[in-house]
Amino acid sequence: MPTNNPLPPKENALFKRILKCYEQKQYKNGLKFAKQILSNPKYAEHGETLAMKGLTLNCMGRKEEAYEFVRRGLRNDLKSHVCWHVYGLLQRSDRKYDEAIKCYRNALKWDKDNLQILRDLSLLQIQMRDLEGYRDTRYQLLVLRPGQRASWIGYAMAYHLLKEYEMALNILEEFRKTQTVKPYDYEHSELLLYQNMVMREAGLDKESLEFLETHDQQIVDKLALQETKAVLLSKLGQDQKAAVIYKELLMRNPENAAYFKLVEDTTNPENVEERLKIYTDTLEKFPRASLPKRLPLNFLTGEAFRKRVDQYLRIALHKGVPPLFINLRSLYRDPEKVRIIEELVLGYEESLGTNEYFSPEDEGKLEKESASVLLWTHYYLAQHFDQLGQTKRALEFINKPVESTPTLVELFVLKGRIYKHGGDIHEAVVNLDEAQSLDTADRFVNSKCAKYMLRANMVKEAEDMCAKFTREGVSAVENLNEMQCMWFQCECAAAYQRLGKWGDALKKSHEVDRHFSEIIEDQFDFHTYCMRKMTLRAYVGLLRLEDVLRNHKFYFRAAKIAIQIYISLHDHPVLDGEQDEKANAENLTPSEFKKLRNKQRKALKKAAQEKEKQKEQDKKDQSKTKPQDPDVDGPKEEELLPEKLCRPASPLDQAIRFLRPLQTLAASKVETHVLAYEIYSRKGKLLLMLQSIKRGYRVDKNDPHLHICMIKFLQTGKIY
Amino acid sequence: MTRGTTELGDVTPHNIKQLKRLNQVVFPVSYNDKFYKDVLEVGELAKLAYFNDIVVGAVCCRIDTSENQRRMYIMTLGVLAPYRRYGIGTIILEHVLKICEKDGNFDNIHLHVQINNDGAIKFYEKFGFEIAEKKANYYKRIEPADAYVLQKTFRSKEVKESKEAQS
């Protein structure tokens, strides 16, 4: 419905120019034109102009004024879809998505078929995962623009995400039939593969396979085609045909472990020899492939294992492969294999030391091995004994090459690691520092050094170490936060926690939490982009990833630290004037206590004075600050101040905020439920406490912390 | 199976500490910060030697314009003990000699060795170096303190003189 207050031709033209200026980001011009309309006394309160002015101001960073104008405009013209649309845009730019959806819906009330509003609404709905709303909006878009590809696909995808596969497939099939296919049509191929994906999720395996075979020629992603076909053949019980495809895939990529496993599954070898044959056949065609040499070690045993691992070790040690131990580490679960490996490598060490051969039998038949081979043998043995927990022996073995070849970075990294495992973190830091100084261009070693420093609670030193690689002009901590460097922030949080600096630790945890929120926010642009580029499978994958994003281990670490701190703040709150110290007033004598009280009073006074000063300074700053950089979109987030964070109004509520995603996404970890119990027990919520215990019990009934919770719970029960 | 590959790499501010470590272990003489500062400026005259991708040797030279001559001076050339007799020293020295040859304007190349360092003396003699003189008490803090000057002449001066004589 049109607005109450239509503009005459001259003003209308100006208004149209305002819109154009907004689209072309010429904000100053837009404001000029708006001023022209508003200076005319008849249209000084014209709703839509005011709204557009507000929108332009918002893009220039003047948020408060923007809101004022938009609200005024809306008040003056409640029936204008433009005003509602603009208000919705404002809310969206501040990430208030729920409010924005309401505004868009209102806008649609007055202009049912406005494409722009419908599109914006659909984006918000999928962002908020309002799938039913998304489906309805997509339907309207389809009705209005049946010629556009995105309308059909968006509509089908809505049903797919709602798991109504039949509808989705009908739509996709209808759409597919209308398409004309070019010779090498990537976008059509992606459409076909997406359609196939929906079929497979619907469980229509036979139809999926037929579909792939029919459209074989049009699908350009041959790898996906082959892999999917093989999976479907397996599911339909045609293992032999599947095996043929997997063997072809192996020829394509002999370094893919999944293919080897699938070949084994589909050919079902009866004994070890047949199993081994798969790998030796691949090796015949690809003699330099590394995976077919490594995988048989997993299932071979005894003498056959010994022969192969001997060969494997010799080649790797001769070449000087640093990650040799890492490659073999998964074998260390089997004590028999550990024994065989130890015997072999100790044998090499002895033989190389005396006459430069891997074993005495080689003398005369093969060439001698060089000194670097002995170095890597010692390196391997150090890692071997470190894994077995024999720190002293490990150190013996690493010290030999350190003495003979003190130029090799890896040696010092390993020595540091051994000390860390042995418990001497400070000595570990010394070694890592040496390692990073030898090659200051190596960011990996630099980061490892910083991590070890944080483990040793040397926070400042770690920051300085990281600063060697972060952007100049910015503090290292700030830059790492900008770059979402979560390993650093989690380690910092843990270090601060150990040091008892609650505020700083909480700040880091909150920063990590914000990164996750940011990553979820960032998917907004992909809704249009992926539709346009037709990368539909990847797009659905993205949506599903974002749904479970907080199951990531970094979030778990940060949340755990935050919850633990909030719980301890609940038990021992930080008082005003106290500097986060674990000062215990009960341990002081009366005179000391008086002194402490005086000190606290003085500190309080000083703090109050500083607050006054700060307020005045802030006022001055505000009047001085220029408007924000217009490119910065999204609301400026509240700064995280450690002093404020460690004095929360309700620490348990904050803890629960961190707990919620863990309960949904990390429910398979018993720690989640232990933490939940701790929070709920302090809130006195008996049923929730019991629920946490039950969930934890289901995961791991032998966990010691859970056991303590159960005892405490039973004691609480006794009281009642 | 071959023993291993030897390659020469540049000395950069990033890896200079590896050079320091190497010199500390190989040589009984210690070098000061200025030495390492200068080393970064000489380009191809300073190299690290990699054996199977591990730094095991290095060379530092400079161009010496004393005594009215243009001479190449080898300040340090060494390989870690476990890695000697693999031909690494040869590759290093050949690199330096090649620079002298390409340049064409060097009168000679020379270096100092402790008089008891037979291994080094034999090594350089293989390449045509000779004992030119003996400097007593050349070294300040080690025994024996005397040093030989080993030198290999390139005859560029004689060639120049003879050319001038002809024209």
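Does region A:451-474 contain any residue that is within 14 Å of chain B (Cβ to nearest Cβ) and hydrophobic (A, V, I, L, M, F, W, C)? Full working, then the answer.
Step one: of region A:451-474, the residues within 14 Å of chain B (Cβ to nearest Cβ) are A:468-469.
Subsequent filtering for residues that are hydrophobic (A, V, I, L, M, F, W, C) retains A:469.
Yes, because at least one residue in region A:451-474 is within 14 Å of chain B (Cβ to nearest Cβ) and hydrophobic (A, V, I, L, M, F, W, C).
Conditions tested, residue by residue: (1) over 26 Å from A:Glu187 (Cα atoms); (2) outside any helix (DSSP H, G or I); (3) open to solvent by less than 60 Å² (accessible area, probe 1.4 Å).
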| position | (1), (2), (3) |
| --- | --- |
| A:Val198 | no, no, yes |
| A:Phe211 | no, no, yes |
| A:Gln217 | no, no, no |
| A:Ser234 | yes, no, yes |
| A:Gln240 | yes, no, no |
| A:Met251 | yes, no, no |
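Does A:Asp334 satisfy the condition of being among the acidic types (Asp, Glu), under 35 Å from the mean Cα position of the chain (by Cα) and within 30 Å of A:Leu411 (Cα to Cα)?
So A:Asp334 fits the description; yes.
Is it the case, given these coordinates, that A:Ser372 is under 24 Å from B:Asp10 (Cβ atoms) and among the small types (Gly, Ala, Ser)? Even if it seems obvious, please write down each step before you answer.
Values: under 24 Å from B:Asp10 (Cβ atoms): yes; among the small types (Gly, Ala, Ser): yes.
Taking the combined requirement at face value, the residue satisfies it.
Say we look at region A:369-400 and pick out the residues that are in a loop (DSSP other than H, G, I, E, B) and surrounded by fewer than 19 Cβ atoms within 10 Å (Cβ to Cβ); which of these is farthest from the other protein chains (Cβ to nearest Cβ)?
First, the residues of region A:369-400 that are in a loop (DSSP other than H, G, I, E, B): A:369-370, A:388-390.
If we keep only those that are surrounded by fewer than 19 Cβ atoms within 10 Å (Cβ to Cβ) as well, we get A:388-390.
Details: A:Leu388: 26, A:Gly389: 29, A:Gln390: 25 Å.
My answer is A:Gly389.
Select from region B:2-23 the residues that are more than 8 Å from chain A (Cβ to nearest Cβ) and assigned to a helix (DSSP H, G or I) and list them in ascending order. I'd like the intermediate steps shown before the answer.
Pass one, region B:2-23, residues more than 8 Å from chain A (Cβ to nearest Cβ): B:5-11, B:16, B:19-20, B:23.
The answer is B:Ile16, B:Leu19, B:Lys20, B:Asn23.
When the residues of region B:25-54 are narrowed to those that are over 16 Å from the mean Cα position of the chain (by Cα) and assigned to a helix (DSSP H, G or I), which ends up nearest to the other protein chains (Cβ to nearest Cβ)?
B:Val25
Please count how many residues of region A:325-368 are within 14 Å of chain B (Cβ to nearest Cβ), free of Cβ contacts under 8 Å to residues at least 24 places away in the same chain and in a loop (DSSP other than H, G, I, E, B).
Counting residues in region A:325-368 that are within 14 Å of chain B (Cβ to nearest Cβ), free of Cβ contacts under 8 Å to residues at least 24 places away in the same chain and in a loop (DSSP other than H, G, I, E, B) gives 6.
Looking at A:Leu690, A:Leu675 in this structure, which one is in contact (Cβ under 8 Å) with a residue 12 or more places away in the chain and either open to solvent by less than 40 Å² (accessible area, probe 1.4 Å) or in contact with a strand residue (DSSP E or B) (Cβ under 9 Å, 6 or more places away or on another chain) (or both)?
Working: A:Leu690 fails: either open to solvent by less than 40 Å² (accessible area, probe 1.4 Å) or in contact with a strand residue (DSSP E or B) (Cβ under 9 Å, 6 or more places away or on another chain) (or both).
Selected residue: A:Leu675, the only one of A:Leu690, A:Leu675 that is in contact (Cβ under 8 Å) with a residue 12 or more places away in the chain and either open to solvent by less than 40 Å² (accessible area, probe 1.4 Å) or in contact with a strand residue (DSSP E or B) (Cβ under 9 Å, 6 or more places away or on another chain) (or both).
Taking only region A:153-174 into account, find how many residues are of a type in the set (Phe, Trp, Tyr) and in contact (Cβ under 8 Å) with a residue 24 or more places away in the chain. Outline the logic, then answer.
Just the residues of region A:153-174 that are of a type in the set (Phe, Trp, Tyr), to begin with: A:155, A:159, A:165.
Still in the list and also in contact (Cβ under 8 Å) with a residue 24 or more places away in the chain: A:159, A:165.
Residues meeting the conditions: 2.
One residue is enough: does region A:95-110 have a residue meeting the conditions in contact with an Asp or Glu (Cβ under 7 Å, 6 or more places away or on another chain) and open to solvent by 30 Å² or more (accessible area, probe 1.4 Å)?
Yes, region A:95-110 contains at least one residue that is in contact with an Asp or Glu (Cβ under 7 Å, 6 or more places away or on another chain) and open to solvent by 30 Å² or more (accessible area, probe 1.4 Å).
As an exercise: evaluate A:Met60 against (1) closer than 17 Å to A:Leu31 by Cβ; (2) over 33 Å from the mean Cα position of the chain (by Cα); (3) of a type outside the set (Ser, Thr, Tyr) and give the number of the one condition it does not meet.
(2)
So, A:Leu346, is that one within 19 Å of A:Arg288 (Cα to Cα) and open to solvent by less than 70 Å² (accessible area, probe 1.4 Å) or not? Step through it out loud before you land on a result.
On the way: within 19 Å of A:Arg288 (Cα to Cα): no; open to solvent by less than 70 Å² (accessible area, probe 1.4 Å): yes.
No; evaluated as a whole, the condition is false for this residue.
If you check B:Asn105, B:Asn116, B:Asn68, which single one turns out to be part of a loop (DSSP other than H, G, I, E, B) and on the phi > 0 side of the Ramachandran plot? Talk me through it step by step, then tell me what you get.
On the way: B:Asn105 fails: on the phi > 0 side of the Ramachandran plot; B:Asn116 fails: on the phi > 0 side of the Ramachandran plot.
None of the other options fit; the residue is B:Asn68.
Quick check, is B:Leu93 at pLDDT 95 or above, closer than 14 Å to B:Glu7 by Cα and either within 14 Å of chain A (Cβ to nearest Cβ) or more than 10 Å from the chain's Cα centre (by Cα) (or both)?
Against the criterion (at pLDDT 95 or above, closer than 14 Å to B:Glu7 by Cα and either within 14 Å of chain A (Cβ to nearest Cβ) or more than 10 Å from the chain's Cα centre (by Cα) (or both)), B:Leu93 does not qualify.
Quick one: count up the residues across region A:404-413 that are hydrophobic (A, V, I, L, M, F, W, C), open to solvent by 10 Å² or more (accessible area, probe 1.4 Å) and at the interface with another protein chain (Cβ under 10 Å from one of its Cβ atoms). Before you say what the answer is, go through the steps one by one.
The first filter runs over region A:404-413 and keeps only residues hydrophobic (A, V, I, L, M, F, W, C), leaving A:408-409, A:411-413.
Checking which are open to solvent by 10 Å² or more (accessible area, probe 1.4 Å) leaves us with A:408-409, A:412-413.
Narrowing further to those that are at the interface with another protein chain (Cβ under 10 Å from one of its Cβ atoms): A:408-409.
Qualifying residue count for the region: 2.
Exactly one condition in (1) in contact (Cβ under 8 Å) with a residue 60 or more places away in the chain; (2) more than 14 Å from every other protein chain (Cβ to nearest Cβ); (3) closer than 30 Å to B:Asp10 by Cα is not met by A:Gly416; state its number.
Exception for A:Gly416: condition (1).
I'd like to verify a number: residues in region B:66-88 that are over 16 Å from the mean Cα position of the chain (by Cα) and over 19 Å from B:Pro28 (Cα atoms), how many?
Adding up the residues that qualify gives 6.
Answer yes or no: is there a residue in region B:58-65 that is facing chain A (nearest Cβ under 10 Å), closer than 19 Å to A:Glu410 by Cα and surrounded by 13 or more Cβ atoms within 10 Å (Cβ to Cβ). Step through it out loud before you land on a result.
First, pick out the residues of region B:58-65 that are facing chain A (nearest Cβ under 10 Å): B:58.
Right, trim to closer than 19 Å to A:Glu410 by Cα and you get none.
No, region B:58-65 has no match at all.
Quick one: what pairs do we get from region A:247-276, first residue over 19 Å from A:Pro287 (Cα atoms) and in contact (Cβ under 8 Å) with a residue 12 or more places away in the chain, second assigned to a loop (DSSP other than H, G, I, E, B) and open to solvent by less than 70 Å² (accessible area, probe 1.4 Å), C-beta under 7 Å, 6+ apart or different chains?
As it stands, the answer is A:Val272/A:Leu300, since those pairs meet every condition given.
The values are calculated or read from the model by the stated rules, or taken from the named source; none is laboratory data. As the structure is a computational prediction, the values presented were derived from the model and not from experiment. So basically every Cβ, Gly included, is an ideal-geometry build from the backbone, and we count neighbours across all protein chains shown. Calculation scope for accessible area: heavy atoms of the full protein, side chains included, ligands and nucleic acids excluded. Shrake-Rupley method; radii C 1.70, N 1.55, O 1.52, S 1.80 Å.
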